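Only the coordinates and a few stated rules stand behind these numbers; no lab work does. All of these numbers come straight from a predicted model, not from anything done at the bench. We place every Cβ from the backbone using ideal geometry, glycine too, and count neighbours over all the protein chains shown.
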Protein chains: 4
Amino acid sequence: MKVGFIGLGKMGSAMAANILKAGHDLTVYNRTRERAERLAAQGAKVASTVGEACRGQEVVFTMLADDAAVESVVFGDDGVLATLPKGAIHVSSSTISVALAERLTAEHSQRGQQFISAPVFGRPEAAAEAKLFILPAGPRSAIEVAAPLFQAVAQKMIIVSDMPKAANLVKLSGNFLITSVIEALGEAMALVRKLGIDSHQYVDILTSTLFGAPVYKTYGKLIADGKFEPAGFAATLGEKDIRLTLAAGESLRVPLPIASLVRDRFLNLLANGGDTLDWSAIGSLPAREAGLPPK
Amino acid sequence: MKVGFIGLGKMGSAMAANILKAGHDLTVYNRTRERAERLAAQGAKVASTVGEACRGQEVVFTMLADDAAVESVVFGDDGVLATLPKGAIHVSSSTISVALAERLTAEHSQRGQQFISAPVFGRPEAAAEAKLFILPAGPRSAIEVAAPLFQAVAQKMIIVSDMPKAANLVKLSGNFLITSVIEALGEAMALVRKLGIDSHQYVDILTSTLFGAPVYKTYGKLIADGKFEPAGFAATLGEKDIRLTLAAGESLRVPLPIASLVRDRFLNLLANGGDTLDWSAIGSLPAREAGLPPK
Amino acid sequence: MKVGFIGLGKMGSAMAANILKAGHDLTVYNRTRERAERLAAQGAKVASTVGEACRGQEVVFTMLADDAAVESVVFGDDGVLATLPKGAIHVSSSTISVALAERLTAEHSQRGQQFISAPVFGRPEAAAEAKLFILPAGPRSAIEVAAPLFQAVAQKMIIVSDMPKAANLVKLSGNFLITSVIEALGEAMALVRKLGIDSHQYVDILTSTLFGAPVYKTYGKLIADGKFEPAGFAATLGEKDIRLTLAAGESLRVPLPIASLVRDRFLNLLANGGDTLDWSAIGSLPAREAGLPPK
Amino acid sequence: MKVGFIGLGKMGSAMAANILKAGHDLTVYNRTRERAERLAAQGAKVASTVGEACRGQEVVFTMLADDAAVESVVFGDDGVLATLPKGAIHVSSSTISVALAERLTAEHSQRGQQFISAPVFGRPEAAAEAKLFILPAGPRSAIEVAAPLFQAVAQKMIIVSDMPKAANLVKLSGNFLITSVIEALGEAMALVRKLGIDSHQYVDILTSTLFGAPVYKTYGKLIADGKFEPAGFAATLGEKDIRLTLAAGESLRVPLPIASLVRDRFLNLLANGGDTLDWSAIGSLPAREAGLPPK
């Protein structure tokens, strides 16, 4: 298939590499060209502009940091909207707002293009091994066309809805649920630690009994180690995702008290020097409030 | 081994039956004798008083609803403390306060008896199949003596500490973590449901990706079904466990904001007719606050 | 002075009338002309467009519902920015975001115009009696020019800062403080009411002892009466102000847990039919959660 | 009147002195006798035991730190209950739990004694000047007998109810409302301070407009000064009062989210070295979370 890929951060690079491996004709674009060059060695064509990455393609992926980044590549004279062929598909895998997904759906539709939201679950290592979970939502026929690409990057594809924005909300809600695990673990671990129970032993007890899911293992260990650098997923991005979750809750009129609590945790962390930390660092705040020394 | 067992609710009956099956010499006691008679058919002796269940035993279990129930069988003229032989072991599997565990440790020690806190994780079905997780804490030598009994009721024994109260805190913290899952799921499910996403489909997405742990499956389904009766674990007991968690946090000076939030959820539920519901019914409150109709 | 006034809602009409009474040469504009006509009877000229209300004036007030309304009259071809004379002063009394105040400051400055944020405290009755509190912030010289107008509408003028946005933040924080009083009163009143204490008697006790401020009297009575219609200040506006407060907290990185709680209260209220209610109706939610019947 | 007074802390000493000044025949008792001796100089008799302070009196006041202190002087062989004459009145002015007030009501009634809960609002300076507010609840006839004593210590007496515990709940709810003011002010002050607005100026703006009540002046100044020692009312007592408020909410099934938040603030403060600070020190925590330096 003729495919464009825009946005080659940790996640995007790994996904693009897996699309290449699956034998597709891939053109890549990144704001800083260097990251694109690396994929050239694996057979990708390198585009110098967004338009170059879109013209003539059947499918174009965008995998970018936030709403602003997506808006800057999609709208504008040489953007995705202006240059993607009629009938072609824009797959947005970025974690963006529900409102922007709605706008993208409408604008692509006006131009006779198709739009799929296809956010992913998984950290960069999972992306590298093509073990992401991908959650497409959009017109069924478009999803069928893009399915081989989804299978190239993910261990599992789950179709969410024919409304693209539904996938974005599911993705945001998933990140919110992860932060709720981090916060709850942080509280529980502060509590038992203050009675003298070892944090690693405690995480072992939890994860070998009721809480066997990977999220408990991953984040339990990070909090027990107290090691939040380098960031696998930055606190600034976590804060952004919770903000988007709350914004969705606001426009849908759904109170979300744990999300509100987690938002305040992120602001506390960021106001006190946490910009470069992993988002799980909010799990260290309950211990600090309990008067425990840092790990 | 010569064993006494006091408290034959759903959990206690199942545990006692498994101890019998393992070939021990078991004497059982329950406030309402009828539940004890059922175990007689399986070979148990039935005691008419607490003292009768304790005298001459090597190990006596208590598995009761709350602090008050434990205090009433332990203290007093014919109670566990007065009638358990010197050197024998009291195993408390009830979910009780850290403060009471501390007091039991001290009082048994004064009388030359041994005390183990051995709370369990698992719902009644797991107890019936001897698939509990048991978390003993206390003197190592006593735990070694009682280990065959623990293995008779559990799929796994994890020694927590030589301080009995540590096991109680771990148990309370585990129940707190479960309530945090219920609350977070309740919020996330209200959010996506208000956009039109089916609750069962959403739980499937979560549990087939990042949230594979049984707690997400069990409670996700209960909330999606909106069916909270009959109660597997009553809201009143959930409220009690969060109260004990907060009390431990208070005496250790550990702020626990999610626990505080969950406490308010339980009070809301109980103030509005929820006494007979399963504790997972607090997971339906976010939907109500979002203006969604009951399931 | 030659003055324009844009936005003749309950607050704006009262302020404009008081400026007229003080003898100024006033031109008024309102989207629905009818409200402007009423002031014509008192001597105001009626403008048909925003530009007509701005051209040739020394000072132009805007008193509008929200950021969107202010943006629509300020920006655009015939807007305040395009038509206000060089050196003239735009006084924004609307409760708008800190971010918009920042933008207005910059844009007016680029055009050689002056900008003052001058939000007010007080409900419509206070506006009618010229008993508002007005909180101007901006260039000192501009405030001196506009001071006679401020004195015409307010019992007291307090200069906040030379940064216009500071006044907006103070105004937002003041509304946040009022909502915190409403929420706290709602909780306390639910608590004592459930023990059988009469709500009006309770408010009397509070306001005749430690809590004599008008906010406690006003909102205590509203909650005790349970009468939230017609709205003096609508719940939708309250929700907006808390949203702007939280947005300011977010960009300044200041966690605001009570503001988060109040936000969830507003969403709950609005999701359950509260659009037409006074913002103090959030103070009835604690009683509902406590299982008490509506008043 | 023949009066006993038990508990001569800052508040109790001042109240006892004012009862003496009003000409009553006063016998005082304090655990550490020294504080009693000081009142002897003003004409008080000094009792060596609780019983000595109770026998033969018409009215006995208790003004003690907490439930435990009240229990220790009331119950027991030579306690208030055992030694107060039949028909005489026990006035409890301590801030105690609703549950203990209930128990005192029942036990005094069984012995043919009368019981009034008469908590007070006001800090020690107000007590010294006989400017407290006193809130008696109990049998109307008993309140009439004790009224001259109430008038001797207070600027105003407000009869709450004929159920003594109602006065205790009103007192607790009042302290809760004060903590809600401290927390809300702390949040608002952190917010505006981070934009560069001076804290004292901000408090002036608030208290000269909508928030003129003394609580805003007193606590606004304490937070703006950042000076929390010596404690006028200790954080440990504040924590206790919030705990009792939440306990009352729990038994009445009333969720109290701001009280829960404030409880966590107190635990945070106490876990980080705040034992000797004034309770208003919780108002400095929002600034810390916002990354602002201490004052």
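Which loop-located chymotrypsin sites (Phe, Trp or Tyr not before Pro) does region D:76-181 contain, where loop means any DSSP state but H, G, I, E or B and the Cβ has at most 13 other Cβ atoms within 10 Å? Mind showing how you got there, number by number?
Numbers: sites: D:F115, D:F121, D:F133, D:F150, D:F176; in loops: none.
Those that pass, being in a loop and sparsely packed, number zero.
Quick check: net charge around A:L256, other residues with Cβ under 10 Å of its Cβ, Lys/Arg +1 and Asp/Glu -1? Working shown, then result.
Working: positive: A:R263, C:R263; negative: A:E250, B:E187, B:E289, C:D264.
Charge balance in the 10 Å sphere: -2.
Counting residues in the protein assembly as shown as N, plug N into 2.2 N^0.38 Å and put the Cα Rg over that result. Show your work: numbers first, answer last.
Numbers: Rg = 33.5 Å, N = 1180, 2.2 N^0.38 = 32.3 Å.
In units of the globular-protein estimate, the protein assembly as shown measures up at 1.04.
With n ≥ 4 as the cut-off for DSSP H runs, can you work out [θ] at 222 nm for chain C, using -39500 (n - 2.57) per run divided by the number of residues, rounded to the nearest 500? Don't skip to the end; give the middle numbers.
Values: 14 runs with 158 residues, N = 295.
Rounded to the nearest 500, it is -16500 deg cm²/dmol.
Loop only by DSSP, 16 or fewer other Cβ within 10 Å of the Cβ. Give me the GluC sites (Glu not before Pro) in region A:81-147 that pass, ordered by residue number. Numbers along the way, then the final one.
On the way: sites: A:E102, A:E107, A:E125, A:E129, A:E144; in loops: A:E129.
For GluC sites (Glu not before Pro) across region A:81-147 that sit outside H, G, I, E and B with at most 16 neighbouring Cβ atoms in 10 Å, the list reads A:E129.
Along Cα-to-Cβ, 7 Å out, sits the label point; list in nm, shortest first, how far the one on D:G273 is from those in the other copies.
1.6, 5.4, 5.5
Under the convention of a label 7 Å out along Cα→Cβ, give the distances in nm from C:R33 to the same position in every other copy, shortest first.
Its label point is 6.1, 9.3, 9.5 nm from the equivalent points in the other copies.
Could you give the distance between the Cα centres of region C:209-224 and region B:27-53, to the whole Å?
If we compute the Cα centre of each part, the gap is 61 Å.
Tell me the distances, shortest first, between D:S141 and the same position across the other copies, using label points 7 Å along Cα→Cβ, in nm to one decimal.
6.7, 8.1, 9.1
Pop a pseudo-label 7 angstrom from the Cα along the beta-carbon direction at both C:R140 and A:Q110 and give the gap in nm to one decimal.
Taking the simple label geometry, C:R140 and A:Q110 are separated by 5.0 nm.
Of the beta bridges DSSP finds with both residues in chain B, what % are antiparallel, to the nearest 5? Intermediate values should be presented prior to the final figure.
Values: 4 of 27 bridges.
Approximately 15 percent, going by the DSSP bridge assignments.
Of the cross-linked pairs A:K240/D:K221; D:K171/D:K221; A:K156/A:K295, which ones have a Cα-Cα span greater than 32 Å in the structure shown? Provide the component values of the computation, followed by the final result.
Working: A:K240/D:K221 35 Å; D:K171/D:K221 24 Å; A:K156/A:K295 37 Å.
The answer is A:K240/D:K221; A:K156/A:K295.
For region D:27-42, take each phi angle, set θ = phi - 60°, evaluate the Karplus expression 6.51 cos²θ - 1.76 cosθ + 1.60, and give the result in whole Hz per residue in order, putting x for glycine and proline.
Those phi angles translate into 10, 10, 9, 9, 4, 9, 4, 3, 5, 6, 4, 4, 6, 4, 4, 9 Hz.
Taking the DSSP beta bridges in the protein assembly as shown as the whole, what percent of them are antiparallel, to the nearest 5?
Of the beta bridges lying entirely in the protein assembly as shown, close to 15 percent run antiparallel.
Looking at region C:1-90, which chymotrypsin sites (Phe, Trp or Tyr not before Pro) are DSSP coil and have at most 16 other C-beta atoms within 10 Å of their C-beta?
Values: sites: C:F5, C:Y29, C:F61, C:F75; in loops: C:F75.
Here the sparse-neighbourhood loop sites are C:F75.
Could you please report the charge total around C:S109, scoring K, R as +1 and D, E as -1 over all other residues with beta-carbon less than 12 angstrom from its beta-carbon?
+1
Looking at region D:2-162 only, what percent of DSSP beta bridges run antiparallel? Nearest 5 please.
Numbers: 3 of 26 bridges.
The answer is about 10 percent antiparallel.
For C:S161, what residues show an amide H to amide H distance below 5 Å, using hydrogens built from the backbone and excluding near sequence neighbours?
C:G138
Over what distance in Å are the Cα centres of region A:234-295 and region A:115-129 separated?
After rounding, the separation between the Cα centres reads 22 Å.
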